[in-house]
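Here is the structure we will look at, set down as structure tokens.
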Amino acid sequence: MTLFEKIMAGEIPGTFEHQDDLCVAIRDIDPKAPTHLLVIPRKPIPRVGEASEEDSALLGHLLSVAGKLGNKFGPDGFRVVINNGPDGGEAVPHLHVHVLAGRALAWPPG
């Protein structure tokens, strides 16, 4: 069971900003911006590079939720990030979408 599955099950505390049948959004415990949310599918997909064609609607839903949260918490702009694999910055092997907002974000990242 991944860290995110334990949070969704209530075994580990998390600050939820969104919940529906397909995903949750929680505050990141190590934020990289004033607002740093993680949009996590309830279905445990290890990483976006392993998502299947059958996951297409779910992936679209995750981005839709990320956009709504970005508009809510970052009206002046926000960034959406998906890390994939160790060199991509992936820390938890459960697909999640980062939503960063609340300050000007530099480019290029990391």
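The numbers here are math on the coordinates, done by the rules we state, and not lab data. Remember, it's a predicted structure, so these values are computed and weren't measured experimentally. Because the Cβ atoms are built from the backbone with ideal geometry, glycine has one as well, and the counts that use them run over all protein chains shown.
Observations
- Helix 56-73 and the long axis of the chain differ in direction by around 30°, with both axes built from C-alpha atoms.
- Selection of GluC sites (Glu not before Pro), region 9-88, meeting DSSP coil and at most 13 other Cβ within 10 Å: E11
- The residues F16, F78, when put in order of fewest to most other Cβ atoms within 10 Å, stand as F16, F78.
- Cα centroid of region 83-110 to Cα centroid of region 1-74, whole Å: 13 Å
- In this structure, the amide hydrogen of E90, modeled 1.01 Å from its nitrogen in the peptide plane, lies closer than 5 angstrom to those of N84, G85, counting only residues at least 5 positions away or on a different chain.
- Order of V99, V48, V65 under a 10 Å beta carbon neighbour criterion, fewest first: V48, V65, V99
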